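Colleague: I have a structure I would like to understand better, so I am pasting it below and will then ask my questions one at a time.
The values are calculated or read from the model by the stated rules, or taken from the named source; none is laboratory data. A quick note: this is a predicted structure, and the numbers were derived from the prediction, not measured. A quick note on method: Cβ atoms are made from the backbone with ideal geometry, for glycine too, and the neighbour counts reach across all protein chains shown.
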Amino acid sequence: MPHELPKAYEPGAIEARWAEYWVREKLFQVETPAPGDSRPVFTLLLPPPNVTGRLHMGHMLNQTQMDILVRWHRMRGFITLWLPGTDHAGIATQMMVERQLAKEGKKRREMGREKFVERVWEWKREYGGAILDQMKRLGASVDWGREYFTMDENLSRAVREVFVRLYEEGLIYRGKYIVNWCPRCETAISDLEVKHEDVAGKLWEIRYPVIGTDEFITVATTRPETMLGDTAVAVNAADERYAHLHGKNVLLPLMKREIPIILDDIAKPEFGTGAVKITPAHDPNDFEAGKRHNLPQIDVMDLHARMNENAGAYKGLDRYEAREAVLADLKEQGFLVAEKDYTVPLGKCDRCGTVVEPRLSEQWFVKIAPLAKKAIAAVESGEITITPENYKQIYLNWMYNIHDWTISRQLWWGHRIPVWHCGDCKEVIVARETPAKCPKCGSAKLEQDTDVLDTWFSSGLLPFTTLGWPEKTRDQAVFYPTTLLITAYEILFFWVARMIMFGCHFMEGHEQDAAIKKASGWGDKKNDSVPFRNVYIHALVRDAERQKMSKTKGNVLDPLEVIEQYGTDATRFTLAAMAAPGTDIAFSESRTAGYRNFANKIWNAARFMFMNVDRVDPGLRPTLSGLDTRPHTRLDGFETQTLEDRWIFSHFNRAVKDVNDSLLTYRFDEAANRIYDFFWGDFCDWYLELIKPRLNFEEGADTGQARVACANLVNLFEASLRLLHPVMPFITEEIWHAIYDGKPPLKSIALSAYPQADEMQIDIAAEVEMAILQDLIVSVRNLRAELKVEPKVKVPIEVFAHDPAMRRLLEQNLPAIERLASVEKVTFVEASLEKLPGARSTSRFDVHVVYERKVDVAAERQRLTKELEKIEKQLASAQARLGDEQFLKKAPPHVVEGLRKQVEEATILRDKTLAKFKELG
Ligand SMILES: [Zn+2]
Ligand SMILES: [Zn+2]
């Protein structure tokens with residue numbers, strides 16, 4: 001000080017400046033603490049956004065919550081590491097670049113793999129940083145010095161290491177399997193990447209002639225084209241309808257292939273005809289049945305879901321064209337029995353919406369059971385906690401029923417599987433480094449497997465690969481396990497579960513630095529292999545009507561637009577204040593507008609402070625010696641202690657305690673609302689008003705009281721800014737620097753200490769007394785409102801204090817009462833005022849507002865006279881026109897009706913005004 005804040009609070013200008021400053025000054029970059037350092041650590045991995053991504057409200061919520069906790073921990077003295085990066089996002093990125101190529105009339109396959117991948121890298125270099133730039137604008141206090149990309153050289157090496165180790169341990173295998181195949185993306189996709197949808201469709205019944213009889217067996221299907229690949233018909237052994245057909249064959253229509261009738265529980269007697277067709281290459285259940293009975297697997301489609309040479313005459317047709325052709329032929333040949341309406345459950349590709357085709361293919365799998373076992377134990381034992389708790393059971397249920405994980409993808413963009421096939425002896429070589437020749441036959445004709453790994457394979461490793469694994473690093477000793485993971489429910493299985501499985505497996509035996517572990521509060525945890533100690537699943541952001549945001553509904557809020565309008569601070573505050581546990585956030589811009597007003601209120605309070613301090617003593621600065629949460633009682637030999645100072649510091653320390661407690665349990669809503677109530681209510685509405693009499697000293701008078709008031713004001717304001725900083729980082733940084741006139745003791749408020757409650761400052765006596773005073777002031781305000789006293793009119797009041805202490809309290813605080821309740825004079829009376837009209841009585845005092853409505857009779861009469869003249873004029877004119885025959889003939893009916901109404905209303909108004917006139921006497 002002195003420092004001028006601009007009159008208007010303009011978040012846009014302030015925020016861009018500080019966001020840039022934080023990055024430029026590398027304020028959030030963390031050096032690895034040396035052995036012997038025993039400070040606590042707080043480590044958090046940013047769920048890496050897709051490199052193709054654009055910031056949406058989900059990110060904004062996720063990052064707000066993370067940043068609040070990160071800033072809070074950093075200010076509490078934790079070594080705080082928030083690790084940012086992006087995911088290469090296999091399918092998403094490949095599709096993005098393919099679309100770009102399509103505009104140039106180019107195709108991926110024509111380009112060839114190498115050129116295509118180079119093109120994706122080019123795209124990444126040019127556009128890949130967009131989402132991180134958006135994060136910078138949000139003020140996310142991540143360590144940009146450690147930014148990673150999942151296809152970085154070191155991370156890619158770690159991925160190969162993991163693949164090879166799992167293979168060597170017998171946990172990776174290759175096999176033919178029915179997978180979900182997207183014919184558009186030309187790749188296998190995991191169960192999690194299939195969207196299920198029920199659509200109105202048909203069920204067709206087809207009959208197959210039983211060879212050697214004149215009977216038929218009827219089966220039903222929603223995908224008749226797959227019958228071309230049937231290799232059996234199954235009936236249930238207990239189904240007596242078919243007992244006489246056991247051991248016989250049917251002739252598959254159209255294909256004229258003999259296929260057996262088999263006995264299998266897949267056929268349910270109570271369902272339809274009780275007989276089912278078995279197509280092992282095109283249905284996952286049939287695939288299993290086929291394995292049980294050693295049936296051939298006949299794949300009738302290619303990777304684009306077109307019929308192949310195994311489909312006979314239908315070769316070359318698309319699956320839907322084939323369906324029509326098959327049905328027409330079946331009908332013509334008398335095999336189609338019925339066509340019924342039916343609700344068909346369809347699986348669609350999560351990326352492109354194409355209907356998924358179950359397809360038999362050669363894939364790589366992770367044998368999941370041994371990994372799942374450790375991951376279940378870590379959560380069941382409480383070594384990892386999941387909040388809210390209901391997600392723990394959801395996680396466990398899924399883990400208990402988990403299937404082997406298909407990790408290969410038929411894409412070009414991603415981590416290529418480190419497997420080579422020998423062209424001569426067909427040996428399969430799994431290696432960390434590209435082999436020069438086949439170890440079995442010495443051939444140099446080696447070709448690398450064309451598949452890449454599922455994107456979640458590499459992101460599942462991030463908690464340790466970003467810390468230098470497979471090397472044993474000091475970073476791992478310090479920062480692993482990470483403290484917390486904040487993420488969305490939708491990636492609980494994709495990502496969270498995989499991180500737990502990989503972490504527990506590959507970090508088995510790892511031990512965190514003992515001193516740091518203890519200081520961080522994990523002394524009682526046994527298992528240091530877990531990737532994180534806690535998982536917090538955040539809610540969804542919906543629109544103000546609680547509708548899920550979706551592009552089709554057009555209700556998607558772009559966080560950057562909201563920020564543009566209200567500022568990042570107000571947007572962050574909204575997301576924090578509305579994040580009640582267990583409920584989704586119905587994001588309403590009116591709330592954000594309200595929190596922008598909150599920021600504005602703080603801004604104006606700061607301007608008030610600067611103005612007064614500059615007048616009293618421009619040299620006043622906040623003291624950072626710990627005095628900050630206590631009221632000054634002495635300053636330069638002047639000693640005083642006022643009720644409002646004792647009270648506000650007491651309330652401040654209570655707020656501090658509550659906010660710290662709330663953040664400890666992820667109650668962002670409680671923390672934000674508590675700060676709001678303190679800052680707006682206690683501090684701005686009451687305290688600033690209460691100290692005004694002390695600040696209004698006359699020229700030449702002793703400034704002792706004013707100096708103490710200013711010192712307390714500055715200290716309290718500075719401490720309140722620190723309390724608010726994690727939620728509203730920008731405005732707090734701006735005012736904090738202004739308080740120090742641009743020469744603060746630290747580079748940023750983010751590096752200062754978070755307020756901690758000082759129980760000694762809880763002053764119950766002051767709180768009780770202030771509550772009484774506030775009660776009296778609010779009572780007078782209410783009485784004034786009831787009596788319709790104009791705001792600027794000061795009124796006398798009478799007070800009956802129920803005991804001498806009460807009277808003393810009120811007498812000591814007369815200036816406050818007079819000022820805050822617009823009171824002219826306080827008279828103490830000796831008898832109860834309870835019975836008086838316009839009085840209010842409490843257990844401590846009775847108060848009466850002495851007020852009679854005074855009216856200037858002469859002026860009022862004059863006003864009413866003028867009013868009457870105007871009304872009479874209108875009335876006369878309307879009546880005259882209604883009496884004019886000529887006019888009435890020509891005028892349209894609605895005009896005449898309008899005039900009649902006018903006459904009616906003017907008459908009523910005239911009578912009312914006349915009555916008022918009479919009242920004046
Ligand atoms: Zn697709
Ligand atoms: Zn070989």
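Listed here are the residues, each with its yes/no results for (1) surrounded by 21 or more Cβ atoms within 10 Å (Cβ to Cβ); (2) among the charged types (D, E, K, R); (3) in a loop (DSSP other than H, G, I, E, B).
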| position | (1), (2), (3) |
| --- | --- |
| Ile68 | yes, no, no |
| Arg71 | yes, yes, no |
| Arg74 | yes, yes, no |
| Ala92 | no, no, no |
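Colleague: Taking the stated definitions as given, is Val428 touching a residue at least 40 places away in the same chain (Cβ under 8 Å), surrounded by fewer than 16 Cβ atoms within 10 Å (Cβ to Cβ) and either within 16 Å of ligand 1 (Cβ to nearest atom) or among the hydrophobic types (A, V, I, L, M, F, W, C) (or both)?
Modeller: Working: touching a residue at least 40 places away in the same chain (Cβ under 8 Å): yes; surrounded by fewer than 16 Cβ atoms within 10 Å (Cβ to Cβ): yes; either within 16 Å of ligand 1 (Cβ to nearest atom) or among the hydrophobic types (A, V, I, L, M, F, W, C) (or both): yes.
Answer is yes for this residue.
Colleague: Does Glu490 satisfy being in a helix (DSSP H, G or I), charged (D, E, K, R) and either modelled with pLDDT under 95 or within 16 Å of ligand 2 (Cβ to nearest atom) (or both)? Step through it out loud before you land on a result.
Modeller: Numbers: in a helix (DSSP H, G or I): yes; charged (D, E, K, R): yes; either modelled with pLDDT under 95 or within 16 Å of ligand 2 (Cβ to nearest atom) (or both): yes.
So Glu490 passes the test.
Colleague: Which number in (1) of a type outside the set (Phe, Trp, Tyr); (2) within 15 Å of ligand 2 (Cβ to nearest atom); (3) more than 30 Å from Arg119 (Cβ to Cβ) marks the one condition that Ile429 misses?
Modeller: Ile429 satisfies every listed condition except (3).
Colleague: Kindly list the number of the only condition in (1) touching a helix residue (DSSP H, G or I) at 6+ places or on another chain (Cβ under 8 Å); (2) assigned to a helix (DSSP H, G or I) that fails for Thr80.
Modeller: Condition (2) is where Thr80 drops out.
Colleague: Anything in the range 477-523 that is surrounded by fewer than 20 Cβ atoms within 10 Å (Cβ to Cβ) and under 22 Å from Arg165 (Cα atoms)? List them, or say none.
Modeller: Result: Phe494, His505, Glu508, Gly509, His510, Glu511.
Colleague: Let me ask something else. Kindly check whether there is at least one residue in the range 248-256 that is modelled with pLDDT under 90 and of a type outside the set (Ser, Thr, Tyr). Let's see the steps before the verdict.
Modeller: Of all residues in the range 248-256, those modelled with pLDDT under 90 come to none.
No, that holds for no residue.
Colleague: Since Arg54 meets every condition but one in (1) of a type in the set (Lys, Arg); (2) assigned to a loop (DSSP other than H, G, I, E, B); (3) more than 30 Å from Val120 (Cβ to Cβ); (4) out of contact with any Gly (no Cβ under 8 Å at 6 or more places or on another chain), which condition does it not meet?
Modeller: All conditions pass for Arg54, except number (3).
Colleague: Does Trp420 count as within 28 Å of Trp121 (Cα to Cα), modelled with pLDDT of 90 or more and in contact with a helix residue (DSSP H, G or I) (Cβ under 7 Å, 6 or more places away or on another chain)?
Modeller: Working: within 28 Å of Trp121 (Cα to Cα): yes; modelled with pLDDT of 90 or more: yes; in contact with a helix residue (DSSP H, G or I) (Cβ under 7 Å, 6 or more places away or on another chain): no.
Considered against the rule, which asks whether it is within 28 Å of Trp121 (Cα to Cα), modelled with pLDDT of 90 or more and in contact with a helix residue (DSSP H, G or I) (Cβ under 7 Å, 6 or more places away or on another chain), Trp420 comes out as no.
Colleague: Filter the range 349-366 for residues that are farther than 15 Å from Pro284 by Cβ and away from ligand 1 (no atom under 11 Å from the Cβ) and give the result.
Modeller: From the range 349-366, those farther than 15 Å from Pro284 by Cβ are 349-355, 362, 364, 366; that's our starting set.
Correct list: Glu362, Trp364, Val366.
Colleague: A further question follows. Taking the condition modelled with pLDDT of 90 or more, surrounded by 22 or more Cβ atoms within 10 Å (Cβ to Cβ) and farther than 30 Å from Val452 by Cα, does Thr43 pass?
Modeller: Numbers: modelled with pLDDT of 90 or more: yes; surrounded by 22 or more Cβ atoms within 10 Å (Cβ to Cβ): yes; farther than 30 Å from Val452 by Cα: yes.
For Thr43, the condition - modelled with pLDDT of 90 or more, surrounded by 22 or more Cβ atoms within 10 Å (Cβ to Cβ) and farther than 30 Å from Val452 by Cα - is met.
Colleague: Take Ala719 and tell me if it is over 30 Å from Asp846 (Cβ atoms), modelled with pLDDT of 90 or more and surrounded by fewer than 20 Cβ atoms within 10 Å (Cβ to Cβ).
Modeller: Working: over 30 Å from Asp846 (Cβ atoms): yes; modelled with pLDDT of 90 or more: yes; surrounded by fewer than 20 Cβ atoms within 10 Å (Cβ to Cβ): no.
So Ala719 fails the test.
Colleague: Further, regarding this structure: Evaluate the following for Pro463: is it away from ligand 1 (no atom under 16 Å from the Cβ), touching a residue at least 60 places away in the same chain (Cβ under 8 Å), touching a helix residue (DSSP H, G or I) at 6+ places or on another chain (Cβ under 9 Å) and under 19 Å from Glu114 (Cα atoms)? It would help to see each step written out before you state the result.
Modeller: Details: away from ligand 1 (no atom under 16 Å from the Cβ): yes; touching a residue at least 60 places away in the same chain (Cβ under 8 Å): yes; touching a helix residue (DSSP H, G or I) at 6+ places or on another chain (Cβ under 9 Å): yes; under 19 Å from Glu114 (Cα atoms): no.
Spelling it out, it is not the case that Pro463 is away from ligand 1 (no atom under 16 Å from the Cβ), touching a residue at least 60 places away in the same chain (Cβ under 8 Å), touching a helix residue (DSSP H, G or I) at 6+ places or on another chain (Cβ under 9 Å) and under 19 Å from Glu114 (Cα atoms).
Colleague: Considering only the range 136-186, state which residues are part of a strand (DSSP E or B) and more than 16 Å from ligand 1 (Cβ to nearest atom). Spell out the reasoning first.
Modeller: Filtering the range 136-186 for residues part of a strand (DSSP E or B) gives 148-149, 172-182.
Result: Tyr148, Phe149, Ile172, Tyr173, Arg174, Gly175, Lys176, Tyr177, Ile178.
Colleague: Can you tell me which residues in the range 784-804 are surrounded by 11 or more Cβ atoms within 10 Å (Cβ to Cβ) and either more than 24 Å from Asp685 (Cβ to Cβ) or aliphatic (A, V, I, L, M) (or both)?
Modeller: Leu787, Val789, Val793, Val795, Pro796, Ile797, Glu798, Val799, Phe800, Ala801, His802
Colleague: Now, a different point. On the basis of being under 19 Å from Thr466 (Cα atoms) and either in a loop (DSSP other than H, G, I, E, B) or among the hydrophobic types (A, V, I, L, M, F, W, C) (or both), does Val496 make the cut? Write out each step before concluding.
Modeller: Working: under 19 Å from Thr466 (Cα atoms): yes; either in a loop (DSSP other than H, G, I, E, B) or among the hydrophobic types (A, V, I, L, M, F, W, C) (or both): yes.
The answer is yes for Val496.
Colleague: What about Thr455, is it crowded, with 22+ Cβ neighbours inside 10 Å, among the hydroxyl-bearing types (Ser, Thr, Tyr) and within 16 Å of ligand 1 (Cβ to nearest atom)?
Modeller: yes
Colleague: Residue under question is Lys916, and the condition is that it be within 30 Å of Asp856 (Cα to Cα), modelled with pLDDT under 90 and of a type in the set (Lys, Arg); does it hold? Steps first, please.
Modeller: Working: within 30 Å of Asp856 (Cα to Cα): yes; modelled with pLDDT under 90: yes; of a type in the set (Lys, Arg): yes.
In short, yes.
Colleague: Could you list, in sequence order, the residues of the range 407-425 that are within 16 Å of ligand 1 (Cβ to nearest atom) and either in a loop (DSSP other than H, G, I, E, B) or farther than 13 Å from Thr455 by Cβ (or both)?
Modeller: Gln410, Leu411, Trp412, Trp413, Gly414
Colleague: Report whether or not Asn612 is modelled with pLDDT of 90 or more, in a helix (DSSP H, G or I) and surrounded by 21 or more Cβ atoms within 10 Å (Cβ to Cβ).
Modeller: Working: modelled with pLDDT of 90 or more: no; in a helix (DSSP H, G or I): yes; surrounded by 21 or more Cβ atoms within 10 Å (Cβ to Cβ): yes.
In short, no.
Colleague: Picking from Ala586, Ala579, Ala488, Ala599, which residue would you name as being within 24 Å of Ile376 (Cα to Cα) and out of contact with any Ser or Thr (no Cβ under 8 Å at 6 or more places or on another chain)?
Modeller: Values: Ala586 fails: within 24 Å of Ile376 (Cα to Cα); Ala579 fails: within 24 Å of Ile376 (Cα to Cα); Ala599 fails: within 24 Å of Ile376 (Cα to Cα).
Going through Ala586, Ala579, Ala488, Ala599 in turn, just one is within 24 Å of Ile376 (Cα to Cα) and out of contact with any Ser or Thr (no Cβ under 8 Å at 6 or more places or on another chain): Ala488.
Matching residues to (1) within 16 Å of ligand 2 (Cβ to nearest atom); (2) assigned to a helix (DSSP H, G or I):
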{"position": "Gly442", "(1), (2)": "yes, no"}
{"position": "Pro463", "(1), (2)": "no, yes"}
{"position": "Pro470", "(1), (2)": "no, no"}
{"position": "Val478", "(1), (2)": "no, yes"}
{"position": "Thr483", "(1), (2)": "no, no"}
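Colleague: Checking the condition more than 16 Å from ligand 2 (Cβ to nearest atom) and surrounded by fewer than 16 Cβ atoms within 10 Å (Cβ to Cβ), which residue from Lys106, Lys124, Lys136 passes?
Modeller: Working: Lys124 fails: surrounded by fewer than 16 Cβ atoms within 10 Å (Cβ to Cβ); Lys136 fails: surrounded by fewer than 16 Cβ atoms within 10 Å (Cβ to Cβ).
Testing whether each residue is more than 16 Å from ligand 2 (Cβ to nearest atom) and surrounded by fewer than 16 Cβ atoms within 10 Å (Cβ to Cβ) leaves just Lys106.
For every residue, the table says whether it meets (1) within 25 Å of the chain's Cα centre (by Cα); (2) closer than 30 Å to Asp299 by Cβ; (3) surrounded by fewer than 14 Cβ atoms within 10 Å (Cβ to Cβ).
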site	(1), (2), (3)
Val356	no, yes, no
Ala372	no, no, no
Glu380	no, no, yes
Ile402	no, yes, no
Ile407	no, yes, no
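Colleague: Inspect all residues belonging to the range 205-214 and state whether any of them is away from ligand 1 (no atom under 16 Å from the Cβ), in contact with a Pro (Cβ under 7 Å, 6 or more places away or on another chain) and hydroxyl-bearing (Ser, Thr, Tyr).
Modeller: Within the range 205-214 (the criterion being away from ligand 1 (no atom under 16 Å from the Cβ), in contact with a Pro (Cβ under 7 Å, 6 or more places away or on another chain) and hydroxyl-bearing (Ser, Thr, Tyr)), the answer is yes, since at least one residue qualifies.
Colleague: Which of the residues spanning the range 100-135 are assigned to a helix (DSSP H, G or I) and under 30 Å from Ile14 (Cα atoms)? Lay out the reasoning, then the answer.
Modeller: We begin by selecting, within the range 100-135, every residue assigned to a helix (DSSP H, G or I); these are 100-103, 108-111, 113-127, 130-135.
Result: Arg125, Glu126, Tyr127, Ala130, Ile131, Leu132, Asp133, Gln134, Met135.
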